[in-house]
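Trainee: Structure incoming, see below.
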Amino acid sequence: MKHSQKGVGLVGILIIVAVMGTLGVSSVRLAPVYIDNWSLNNILKQVVEAQNNTETSPAQVRTAISKQFTTNRVETIKVSDITIQPDGNVILVDASYEKRVPLLFNIDAVVKFEEVRYEIQRR
């Protein structure tokens with residue numbers, strides 16, 4: 001009488017463990033980048049709301065963002081990387097950036113955040 005094997009063999013288990021391990025390492029390495037991006041968006045929204053419809057300058061906006069970065073420990077982007085330009089009655093704030101994160105050995109992940117743009121209305 002022949003018996004057929006049922007279930008997962010050793011090779012199958014090793015493949016599942018390798019895939020789960022790779023996904024786990026990737027999520028642990030990428031989580032801080034996404035948390036910083038979430039913090040960056042919250043900071044910029046707060047600064048835009050606080051500076052809206054006031055007599056503000058790009059330097060004042062940069063100072064407000066810098067203070068919030070220090071308080072919230074944002075580390076994936078620097079304040080100097082944010083473009084702050086006056087354009088008529090608005091100040092354009094563009095914090096689009098990309099971050100390279102090492103994953104495994106010589107494999108890196110590049111994460112791009114392109115829709116981080118805000119406008120501050122001036123009087």
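The values are calculated or read from the model by the stated rules, or taken from the named source; none is laboratory data. If you're wondering where the values come from, they're calculated on a predicted model, not measured in any experiment. In this analysis, Cβ positions are derived from the backbone assuming ideal geometry, glycine residues included, and neighbour counts consider all displayed protein chains.
Trainee: Restricting the range 1-33 to residues that are free of Cβ contacts under 8 Å to residues at least 12 places away in the same chain and hydroxyl-bearing (Ser, Thr, Tyr), which is farthest from Asn106 (Cα to Cα)?
Mentor: At the first step, the residues of the range 1-33 found to be free of Cβ contacts under 8 Å to residues at least 12 places away in the same chain are 1-21, 23-24, 27-28, 31.
Adding the requirement that they be hydroxyl-bearing (Ser, Thr, Tyr) leaves 4, 27.
Details: Ser4: 42, Ser27: 17 Å.
Among those residues, the one meeting the criterion is Ser4.
Trainee: Ok, one more. Of all residues in the range 108-123 being loosely packed, with under 10 Cβ neighbours inside 10 Å and part of a strand (DSSP E or B), which is nearest to the chain's Cα centre (by Cα)?
Mentor: Lys112
To keep it simple, each residue is scored yes or no on (1) of a type in the set (A, V, I, L, M); (2) in contact with a helix residue (DSSP H, G or I) (Cβ under 8 Å, 6 or more places away or on another chain); (3) modelled with pLDDT under 95.
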position: His3; (1), (2), (3): no, no, yes
position: Val8; (1), (2), (3): yes, yes, yes
position: Val11; (1), (2), (3): yes, no, yes
position: Ile15; (1), (2), (3): yes, no, no
position: Met20; (1), (2), (3): yes, no, no
position: Leu23; (1), (2), (3): yes, no, yes
position: Glu49; (1), (2), (3): no, no, yes
position: Asn53; (1), (2), (3): no, no, yes
position: Pro58; (1), (2), (3): no, no, yes
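Trainee: Still on this structure, I have one more. Quick one: how many residues across the range 35-91 are at positive phi and either hydroxyl-bearing (Ser, Thr, Tyr) or under 14 Å from the mean Cα position of the chain (by Cα) (or both)? Explain how you work it out, then say what you get.
Mentor: Of the residues in the range 35-91, the ones at positive phi are 53, 73, 88.
Subset that is either hydroxyl-bearing (Ser, Thr, Tyr) or under 14 Å from the mean Cα position of the chain (by Cα) (or both): 73.
Going through the range 35-91 one residue at a time, the tally reaches 1.
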